[in-house]
1. Give the number of residues within the stretch 62-112 that are surrounded by fewer than 19 Cβ atoms within 10 Å (Cβ to Cβ) and touching a Phe, Trp or Tyr at 6+ places or on another chain (Cβ under 6 Å).
2. Hey, among the residues in the stretch 138-161 that are open to solvent by 30 Å² or more (accessible area, probe 1.4 Å) and under 30 Å from D35 (Cα atoms), which one's modelled with the highest pLDDT?
3. Residues that are at pLDDT below 75 and either part of a loop (DSSP other than H, G, I, E, B) or within 30 Å of G93 (Cβ to Cβ) (or both): does the stretch 30-50 have at least one?
4. How many residues are without any contact (Cβ under 8 Å) to a residue 24 or more places away in the chain and of a type outside the set (A, V, I, L, M, F, W, C) if we restrict to the stretch 34-65?
5. In the stretch 116-137, which residues are outside any loop (DSSP other than H, G, I, E, B) and surrounded by fewer than 16 Cβ atoms within 10 Å (Cβ to Cβ)?
6. Name the residue, out of D17, D72, that is of a type outside the set (F, W, Y) and modelled with pLDDT of 95 or more.
7. In the stretch 94-115, what count of residues is obtained for those that are part of a loop (DSSP other than H, G, I, E, B), farther than 16 Å from G69 by Cα and within 13 Å of the chain's Cα centre (by Cα)?
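The values are calculated or read from the model by the stated rules, or taken from the named source; none is laboratory data. Quick caveat, the model's predicted, so the values are computed rather than measured. Backbone-built Cβ (ideal geometry, glycine too); neighbour counts: all protein chains shown. Please note that ligands, DNA and RNA were not included when accessible areas were found on the heavy atoms of the full protein model with its side chains. Shrake-Rupley method; radii C 1.70, N 1.55, O 1.52, S 1.80 Å.
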Amino acid sequence: MVLGDLPVDPSGMVIGDAVALDSWVGFLPTARSVDGLADLRIWGKGDEEAWAHFGAQPIPAFHTNRLHGWLDLPLEVAHERAATINRWAAARGHFAHMASVDLHSHHHLGWRAGWQDPLGAGVIEVANCPILCVGWAPSELQRFKAGRPFGQVYPLTLEHVAGKAVLRWSIPPAATEV
């Protein structure tokens, strides 16, 4: 079944449902949490020392074992803890913005849904609609401008394979420059 052409944004979000698109909460100037929660990640110079000092928990992710912090914290707790960690880090000559607070926007939750998948793909629900979110590698982001104006629209089909429905979205490989 041909579903049609769907554009994708540079962050790898695919939304083919108008209700979900209208309900989407992303990372633009009006960023907000959809559920009053946030994740806190510790990274950068001195991160292992900070993990031990503050008791940061490993966060399972397919692509790395260096993701530590806390998930699903109330916003106020996340911001206070990040400020404490960042003051501690700066006082020790570490990365001054070691603790990052990620609001639970749909964009962040989509990225998080793909942490354990080798392709960075995960599904979240927005306005009772399942949304496929695909994580992009930095090399893919560098070549990808996104959207119809840039010719970045690719066919999406739903096919039966081995008794299962498979979503196929074909994106051509990057052109090699000589």
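1. The qualifying residues number 0.
2. Among those residues, the one meeting the criterion is P138.
3. Restricting attention to the stretch 30-50, the residues satisfying the condition of being at pLDDT below 75 are 30-31.
Imposing the further condition that a residue be either part of a loop (DSSP other than H, G, I, E, B) or within 30 Å of G93 (Cβ to Cβ) (or both) reduces the set to 30-31.
Among the residues of the stretch 30-50, at least one is at pLDDT below 75 and either part of a loop (DSSP other than H, G, I, E, B) or within 30 Å of G93 (Cβ to Cβ) (or both), which makes the answer yes.
4. Looking only at the stretch 34-65, we keep the residues that are without any contact (Cβ under 8 Å) to a residue 24 or more places away in the chain, and these are 48, 51-52, 55-58, 64-65.
Pick out the ones that are also of a type outside the set (A, V, I, L, M, F, W, C) and you get 48, 55, 57-58, 64-65.
Of the residues in that region, 6 qualify.
5. To start, the set of residues in the stretch 116-137 that are outside any loop (DSSP other than H, G, I, E, B) comprises 121-126, 129-134.
Answer for the stretch 116-137, where residues must be outside any loop (DSSP other than H, G, I, E, B) and surrounded by fewer than 16 Cβ atoms within 10 Å (Cβ to Cβ): V123, E125, C129, P130.
6. Working: D17 fails: modelled with pLDDT of 95 or more.
Answer to the selection: D72.
7. So the count comes out to 2.
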